[in-house]
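Working notes, beginning with the structure itself.
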Amino acid sequence: MDIPTITVQALNQLRQSGRPVRLIDVRTPAEYREVHVDFAVNVPLDKISPETIRQQVNGDPNEPIYFICRSGSRSNQACQKLRNLGLTNVVTVEGGTLAWIEAGLPVVRGKKAISLERQVRIAAGSLVLLGVVLGWLVHPAFYGLSAFIGAGLVFSGVTDTCGMAMILAKMPWNQAGQSGKSQKTSSASGSSSCSSTPEPAARTTCCG
């Protein structure tokens, strides 16, 4: 069954109407710290369960819970995981945080971070290059490393999951908590104010 979706514009209208909107950001803490929707709560994908979600949100259990990530892939997987576990009132935000930013809606900005998608590209490219160089200079068996990474990327594309992303998401630089103050900005209004946002800790997929 397809996961229900909502556009960033419709989500913002719900927020502006005064209705309580429960929004969960499933990216890594480092990605969340860099930029996130101003009312989103961070619960990384590998921490997603009905119990953790109920701990983070309050209100009517029949009200929908909205999920957002970078571009929509991880939030869709979080929703699918929760539906499989019996939590059905879940909705994914189309286009993710990128679409929210492009629409000029309010975000909180903090310390810059390399996105998980870029980290996967860097790691995969480095391993492929290493396999080729070692295969050429040391022993042809090292070409197998490049072949293994290539097969993994094909599997990732077919299944929309990524083991490398899951590993990278658990690295210390992706677990760093938010320190100091973040700046809340709105492209639409051009105004800014300082706000400090609490942040938890990071299974991730390739890699939106």
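Every number in this text was worked out from the coordinates using simple rules, so none of it is lab data. It should be emphasised that the depicted structure is a prediction, and the values quoted were computed from it without experimental measurement. Note: ideal-geometry Cβ built from the backbone for every residue, glycine included; neighbour counts use all protein chains shown.
Brief remarks follow.
- The residue that is surrounded by the fewest Cβ atoms within 10 Å (Cβ to Cβ), among those in the stretch 11-33 that are of a type outside the set (S, T, N, Q) and part of a loop (DSSP other than H, G, I, E, B), is 18.
- Members of the stretch 34-47 found to be surrounded by fewer than 21 Cβ atoms within 10 Å (Cβ to Cβ) and touching a Pro at 6+ places or on another chain (Cβ under 8 Å), listed by number: 38, 47
- Every residue from the stretch 94-111 that is among the β-branched types (Val, Ile, Thr) and closer than 15 Å to residue 41 by Cα: 97, 107, 108
- Filtering the stretch 63-72 to residues that are surrounded by 21 or more Cβ atoms within 10 Å (Cβ to Cβ) and either of a type in the set (S, T, N, Q) or within 18 Å of residue 30 (Cβ to Cβ) (or both) leaves 68, 69, 70.
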